[in-house]
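Enquirer: Pasting a structure below so you can have a look.
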(Lines give C-alpha, C1' and ligand atoms only; values in the text may rest on other atoms or scores of the structure.)
Protein backbone atom coordinates (compact mmCIF):
# COMPACT_ATOMS: atom_id res chain seq x y z
CA UNK A 1 0.00 0.00 0.00
CA UNK A 2 1.23 3.48 -0.78
CA UNK A 3 1.01 6.25 1.75
CA UNK A 4 -2.27 8.10 1.74
CA UNK A 5 -3.04 11.76 1.59
CA UNK A 6 -6.07 12.63 3.68
CA UNK A 7 -8.85 15.13 3.40
CA UNK A 8 -11.42 14.81 6.15
CA UNK A 9 -11.07 14.12 9.84
CA UNK A 10 -12.94 10.83 9.27
CA UNK A 11 -10.30 9.80 6.69
CA UNK A 12 -7.54 10.58 9.21
CA UNK A 13 -9.25 8.52 11.93
CA UNK A 14 -9.73 5.57 9.56
CA UNK A 15 -6.07 5.74 8.56
CA UNK A 16 -4.95 5.81 12.19
CA UNK A 17 -7.03 2.71 12.98
CA UNK A 18 -5.66 0.91 9.89
CA UNK A 19 -2.07 1.79 10.78
CA UNK A 20 -1.50 4.02 7.75
CA UNK A 21 0.76 7.02 8.29
CA UNK A 22 -0.41 10.57 7.63
CA UNK A 23 2.42 11.62 5.34
CA UNK A 24 0.90 15.03 4.64
CA UNK A 25 1.14 15.90 8.34
CA UNK A 26 4.69 14.58 8.60
CA UNK A 27 5.69 16.64 5.56
CA UNK A 28 4.08 19.73 7.13
CA UNK A 29 6.17 18.99 10.21
CA UNK A 30 9.39 18.83 8.15
CA UNK A 31 9.80 15.28 6.81
CA UNK A 32 11.42 15.27 3.36
CA UNK A 33 10.26 12.57 0.95
CA UNK A 34 11.25 12.04 -2.69
CA UNK A 35 9.22 10.67 -5.59
CA UNK A 36 7.69 7.19 -5.76
CA UNK A 37 7.59 6.58 -2.00
CA UNK A 38 5.63 3.59 -0.67
CA UNK A 39 4.89 2.98 3.01
CA UNK A 40 2.91 -0.12 3.87
CA UNK A 41 0.66 -0.72 6.89
CA UNK A 42 2.07 -0.09 10.33
CA UNK A 43 5.06 2.01 9.26
CA UNK A 44 6.19 4.48 11.91
CA UNK A 45 8.21 7.51 10.89
CA UNK A 46 9.17 9.29 14.11
CA UNK A 47 6.35 11.88 14.36
CA UNK A 48 8.05 13.80 17.17
CA UNK A 49 11.25 14.39 15.20
CA UNK A 50 10.28 13.82 11.56
CA UNK A 51 12.10 16.98 10.39
CA UNK A 52 15.35 15.10 11.09
CA UNK A 53 14.43 12.44 8.48
CA UNK A 54 15.03 12.57 4.71
CA UNK A 55 13.85 9.84 2.34
CA UNK A 56 14.95 9.73 -1.31
CA UNK A 57 13.25 8.59 -4.53
CA UNK A 58 11.98 5.06 -5.19
CA UNK A 59 11.84 3.98 -1.55
CA UNK A 60 9.61 1.23 -0.17
CA UNK A 61 9.07 0.69 3.55
CA UNK A 62 7.46 -2.73 4.10
CA UNK A 63 4.92 -3.32 6.91
CA UNK A 64 5.88 -2.28 10.46
CA UNK A 65 9.15 -0.54 9.57
CA UNK A 66 10.15 1.96 12.26
CA UNK A 67 12.36 4.96 11.56
CA UNK A 68 13.48 6.72 14.73
CA UNK A 69 15.29 10.05 14.95
CA UNK A 70 15.35 10.04 18.74
CA UNK A 71 16.48 7.72 21.54
CA UNK A 72 14.88 8.45 24.91
CA UNK A 73 17.01 5.90 26.80
CA UNK A 74 19.15 8.79 28.08
CA UNK A 75 16.23 10.95 29.32
CA UNK A 76 16.12 9.79 32.94
CA UNK A 77 19.89 9.42 33.31
CA UNK A 78 21.03 12.78 31.92
CA UNK A 79 17.80 14.70 31.48
CA UNK A 80 18.04 14.79 27.67
CA UNK A 81 16.89 12.62 24.79
CA UNK A 82 19.50 11.77 22.18
CA UNK A 83 18.58 12.79 18.60
CA UNK A 84 20.13 12.17 15.19
CA UNK A 85 19.33 12.67 11.51
CA UNK A 86 18.24 9.72 9.41
CA UNK A 87 18.92 9.80 5.67
CA UNK A 88 17.63 7.15 3.28
CA UNK A 89 18.96 7.35 -0.28
CA UNK A 90 17.35 6.50 -3.61
CA UNK A 91 16.29 3.03 -4.74
CA UNK A 92 16.03 1.60 -1.23
CA UNK A 93 13.84 -1.24 0.07
CA UNK A 94 13.45 -1.75 3.83
CA UNK A 95 11.96 -5.13 4.77
CA UNK A 96 9.07 -5.78 7.14
CA UNK A 97 9.67 -5.19 10.84
CA UNK A 98 13.01 -3.48 10.40
CA UNK A 99 14.12 -0.66 12.71
CA UNK A 100 16.34 2.24 11.69
CA UNK A 101 17.89 4.12 14.61
CA UNK A 102 18.90 7.80 14.92
CA UNK A 103 22.03 9.01 13.15
CA UNK A 104 21.86 6.40 10.37
CA UNK A 105 22.46 6.96 6.66
CA UNK A 106 21.33 4.28 4.22
CA UNK A 107 22.96 4.86 0.81
CA UNK A 108 21.43 4.52 -2.66
CA UNK A 109 20.65 1.05 -4.03
CA UNK A 110 20.30 -0.70 -0.70
CA UNK A 111 18.07 -3.55 0.40
CA UNK A 112 17.51 -4.13 4.12
CA UNK A 113 16.19 -7.62 4.90
CA UNK A 114 13.05 -8.15 6.99
CA UNK A 115 13.48 -7.92 10.76
CA UNK A 116 16.79 -6.08 10.57
CA UNK A 117 18.15 -3.52 13.01
CA UNK A 118 20.16 -0.68 11.46
CA UNK A 119 22.24 0.87 14.25
CA UNK A 120 24.99 2.54 12.19
CA UNK A 121 25.32 4.21 8.81
CA UNK A 122 25.99 1.77 6.00
CA UNK A 123 29.25 2.32 4.08
CA UNK A 124 27.84 1.60 0.60
CA UNK A 125 24.79 0.21 -1.14
CA UNK A 126 24.10 -3.50 -1.19
CA UNK A 127 22.03 -6.10 0.58
CA UNK A 128 22.13 -6.07 4.38
CA UNK A 129 20.36 -8.29 6.91
CA UNK A 130 20.38 -9.08 10.61
CA UNK A 131 20.39 -7.59 14.09
CA UNK A 132 22.50 -5.58 13.75
CA UNK A 133 22.64 -5.61 9.94
CA UNK A 134 25.57 -7.23 8.19
CA UNK A 135 26.58 -6.92 4.55
CA UNK A 136 25.36 -9.86 2.45
CA UNK A 137 26.22 -8.97 -1.15
CA UNK A 138 26.35 -6.18 -3.72
CA UNK A 139 23.05 -4.75 -4.93
CA UNK A 140 23.93 -5.57 -8.56
CA UNK A 141 24.79 -9.18 -7.66
CA UNK A 142 21.44 -9.62 -5.90
CA UNK A 143 19.46 -8.11 -8.79
CA UNK A 144 21.38 -10.18 -11.37
CA UNK A 145 20.69 -13.40 -9.44
CA UNK A 146 16.97 -12.66 -9.36
CA UNK A 147 16.93 -11.59 -13.02
CA UNK A 148 18.27 -15.06 -13.85
CA UNK A 149 15.69 -16.76 -11.61
CA UNK A 150 12.80 -14.87 -13.25
CA UNK A 151 13.68 -16.75 -16.44
CA UNK A 152 13.44 -20.13 -14.66
CA UNK A 153 10.68 -19.79 -12.06
CA UNK A 154 6.96 -19.10 -12.54
CA UNK A 155 6.07 -15.44 -13.05
CA UNK A 156 2.59 -14.14 -12.27
CA UNK A 157 1.31 -10.98 -13.96
CA UNK A 158 -0.97 -8.18 -12.70
CA UNK A 159 -4.10 -10.33 -12.62
CA UNK A 160 -2.49 -12.21 -9.71
CA UNK A 161 -2.31 -9.15 -7.46
CA UNK A 162 -4.36 -9.17 -4.26
CA UNK A 163 -7.87 -7.94 -4.88
CA UNK A 164 -8.01 -9.32 -8.41
CA UNK A 165 -7.01 -12.93 -7.80
CA UNK A 166 -9.68 -15.64 -7.95
CA UNK A 167 -9.77 -18.83 -5.89
CA UNK A 168 -8.66 -20.88 -8.92
CA UNK A 169 -5.75 -18.50 -9.51
CA UNK A 170 -4.69 -18.86 -5.87
CA UNK A 171 -4.67 -22.65 -6.19
CA UNK A 172 -2.73 -22.41 -9.47
CA UNK A 173 -0.16 -20.04 -7.97
CA UNK A 174 0.32 -22.16 -4.86
CA UNK A 175 0.80 -25.34 -6.90
CA UNK A 176 3.34 -23.74 -9.27
CA UNK A 177 5.27 -22.02 -6.47
CA UNK A 178 5.46 -25.26 -4.45
CA UNK A 179 6.65 -27.26 -7.47
CA UNK A 180 9.30 -24.71 -8.38
CA UNK A 181 10.32 -23.72 -4.83
CA UNK A 182 9.41 -20.09 -5.49
CA UNK A 183 8.27 -17.65 -8.12
CA UNK A 184 7.66 -13.96 -8.82
CA UNK A 185 4.64 -11.68 -9.06
CA UNK A 186 4.49 -8.27 -10.74
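The values are calculated or read from the model by the stated rules, or taken from the named source; none is laboratory data. Bear in mind that the values here come from a model prediction, so they are computed numbers and not experimental data. All Cβ positions, glycine included, derive from the backbone under ideal geometry; neighbour counts span all protein chains shown.
Enquirer: Just a yes or no: is a residue in region 111-123 farther than 21 Å from residue 37 by Cα, at pLDDT below 95 and in the same structural domain as residue 62 (by TED's automatic domain parsing)?
Expert: Yes, region 111-123 has at least one match.
Enquirer: Now for a different question. Among (1) modelled with pLDDT of 95 or more; (2) farther than 23 Å from residue 121 by Cα, which single condition is residue 17 missing?
Expert: If we test residue 17 against (1) modelled with pLDDT of 95 or more; (2) farther than 23 Å from residue 121 by Cα, just (1) comes out false.
Enquirer: If residue 74 satisfies every condition in (1) surrounded by fewer than 17 Cβ atoms within 10 Å (Cβ to Cβ); (2) modelled with pLDDT of 95 or more; (3) touching a strand residue (DSSP E or B) at 6+ places or on another chain (Cβ under 8 Å) but one, which is the exception?
Expert: All conditions pass for residue 74, except number (2).
Enquirer: Another question, then. Does residue 108 fit the bill of being surrounded by fewer than 16 Cβ atoms within 10 Å (Cβ to Cβ) and touching a residue at least 40 places away in the same chain (Cβ under 8 Å)?
Expert: The answer is yes for residue 108.
Enquirer: Run down 175, 169 and say which single residue is outside any loop (DSSP other than H, G, I, E, B) and either in contact with a strand residue (DSSP E or B) (Cβ under 6 Å, 6 or more places away or on another chain) or modelled with pLDDT under 95 (or both).
Expert: 169
Enquirer: Looking at region 110-148, which of the residues that are in contact with a strand residue (DSSP E or B) (Cβ under 6 Å, 6 or more places away or on another chain) and part of a helix (DSSP H, G or I) is farthest from residue 88 (Cα to Cα)?
Expert: 142
Enquirer: Also, I was wondering about something else. For region 153-176, which positions are over 28 Å from residue 108 (Cβ atoms), more than 23 Å from the chain's Cα centre (by Cα) and in contact (Cβ under 8 Å) with a residue 24 or more places away in the chain?
Expert: Answer for region 153-176, where residues must be over 28 Å from residue 108 (Cβ atoms), more than 23 Å from the chain's Cα centre (by Cα) and in contact (Cβ under 8 Å) with a residue 24 or more places away in the chain: just 154.
Enquirer: Does residue 101 count as under 21 Å from residue 130 (Cα atoms) and at pLDDT 95 or above?
Expert: yes
Enquirer: Something else about it: Is there a residue in region 54-67 that is in a loop (DSSP other than H, G, I, E, B) and over 25 Å from residue 142 (Cα atoms)?
Expert: No, region 54-67 contains no residue that is in a loop (DSSP other than H, G, I, E, B) and over 25 Å from residue 142 (Cα atoms).
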